[in-house]
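Taking it in order: structure first as structure tokens, then the write-up.
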Amino acid sequence: MAPAPLQRPYRGRIAPSPTGYLHLGHARTFWRAQQRARDHGGILILRNENIDRARCKPEFVEAMTEDLRWFGFDWQEGPDCGGPHAPYHQGDRHPLYRRALEALIDGGFAYPCTCSRKDIQSAASAPQGADDELIYPGTCRTASRSTLNPQTPTRPCWRFRVPDGEAVEFTDGAQGPQRLIAGRDFGDFVLWRNDDVPAYQLAVVVDDAAMDITEVVRGEDLLVSTARQLLLYRALGLPPPAFYHCPLLKDERGVRLAKRTAALSLRALRDQGESPPALRAGW
Ligand code: GLU
Ligand code: ZN
């Protein structure tokens, strides 16, 4: 009889961006992530997604760990240099993302794009995709590193060339079977910005793979991005994790909670004397 396949130990993560204070919506999604890690006897990682230095503020990083601890979160692994339970910081990991970008360029998956936002918006053939992102009209699709003119003052961003018409299918742990069509539901997406900042899609795939994450639990606003990311896993020759997308918390008017909803920041709730177990009741 063939031996039973070895189950990889469960490894989950929570990955906030320090662009503001965390609110109850984050806490609910993260709570599910923590719960799933515990239910599977696995571990949880905290990753500080501070890759966009202009938008991320150090005071929000400090607040992030403080607020998460207050709410009842615990994470079990961090970088060796950070001491116990320090989070990973994307800002420290640029070389890793750069190597992945180079591999994608060398493999013919990425091309340089010099279009401005205005160029893309004004292109007649730039409809919106399934998550309201504009579909890139493909103007620079045939460009490559060798066609880049070093004399041109405009620095390019790098885009991933999606396989037009291909159906990307996966089964989401919470939302069931998903099917998104490359080129229709989402277009060629940015891997590296022209201000030398790695894009979310690239950084998240590189990190989830490097950290050996077995299941990604996050908000359902990223469902379409999962299709983008699955294409990146394939292009990079990396095994993808499982995915579990949680419904987003809405306010009493049915509007999704955003970081601007200051009144529901974990900070404000704590100052008002709310208790985390009461806030989590029913989750
Ligand atoms: N850092 C991202 C955010 O705050 C989440 C990334 C992810 O979970 O994949 O929206
Ligand atoms: Zn372009």
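Annotations for the structure displayed:
- Taken one residue at a time, the phi angles of the stretch 267-283 give Karplus couplings (6.51, -1.76, 1.60, θ = phi - 60°) of 4, 5, 5, 5, 4, 7, x, 5, 10, x, x, 5, 5, 8, 4, x, 7 Hz. Gly and Pro are set to x.
- Rounded to 5, percent antiparallel among DSSP beta bridges of the chain: 55
- Relative contact order, percent, the chain [alpha-carbon distance under 8 Å, six or more residues apart]: 22
- Under the Karplus curve 6.51 cos²θ - 1.76 cosθ + 1.60, θ = phi - 60°, whole-Hz ³J(HN,Hα) for the stretch 55-65, x wherever Gly or Pro sits: 9, 9, 10, x, 5, 6, 5, 4, 4, 4, 5
- Phi-based couplings in Hz for the stretch 231-241 (Karplus 6.51, -1.76, 1.60; Gly and Pro marked x): 5, 5, 4, 5, 5, 8, x, 10, x, x, x
- Dipole of the chain, positive direction: furthest Cα of 189, 206, 12, with charges on the beta-carbon: 189
- Taking all protein chains into account, the per residue accessible area for the stretch 60-218 stands at 50 Å² (1.4 Å probe).
- Distant-in-sequence amide contacts of residue 159, defined by a placed amide H-H separation under 5 Å and a gap of 5 or more residues or a different chain, comprise 111, 113, 191.
- Here is the list for the stretch 1-102: trypsin sites (Lys or Arg not before Pro) lying in DSSP coil, each with at most 14 other C-beta atoms within 10 angstrom of its C-beta, are 53, 55.
- When the chain is treated as a Gaussian network with alpha carbon springs shorter than 10 Å, the biggest mean-square fluctuation among 271, 172, 119 belongs to 271.
- Assigned charges on the beta-carbon of Lys, Arg, Asp, Glu; the stretch 1-106 dipole about Cα centre (debye): 320
- Solvent-accessible area, 1.4 Å probe, carbon plus sulfur percent, for the chain: 51
- Net charge dipole size for the stretch 181-283 [Lys, Arg +1 and Asp, Glu -1 on Cβ; Debye, nearest 20]: 320
- Computed with every protein chain present, the accessible area of residue 205 is close to 0 Å² [probe 1.4 Å].
- Residues whose amide H lies under 5 Å from that of residue 172, counting only those 5 or more places away or on a different chain, are 178; hydrogens are built 1.01 Å from N in the peptide plane.
- Placed amide H near residue 251: partners under 5 Å, 5+ positions off or other chain: 256, 257
- Each residue was assigned an accessible area with a 1.4 Å probe, and for residue 64 the value is about 0 Å².
- Each distinct pair of alpha carbons in the stretch 1-160 adds a 1/r term; the inverse of their mean, the Kirkwood radius, is 19.3 Å.
- All-pairs Cα distance distribution in the chain, expressed in whole percent, bin size 5 Å: 1, 5, 11, 15, 17, 16, 14, 10, 6, 3, 1, 0, 0, 0
- For the chain, a simple Cβ point-charge model (Lys and Arg +1, Asp and Glu -1, everything else neutral) yields a dipole of about 260 debye relative to the Cα centre.
The values are calculated or read from the model by the stated rules, or taken from the named source; none is laboratory data. Just so it is clear, the model here is predicted, and its values are computed rather than measured. So basically every Cβ, Gly included, is an ideal-geometry build from the backbone, and we count neighbours across all protein chains shown. Just so you know, the surface numbers come from the protein's heavy atoms only, side chains and all, with ligands and any DNA or RNA stripped out. Shrake-Rupley method; radii C 1.70, N 1.55, O 1.52, S 1.80 Å.
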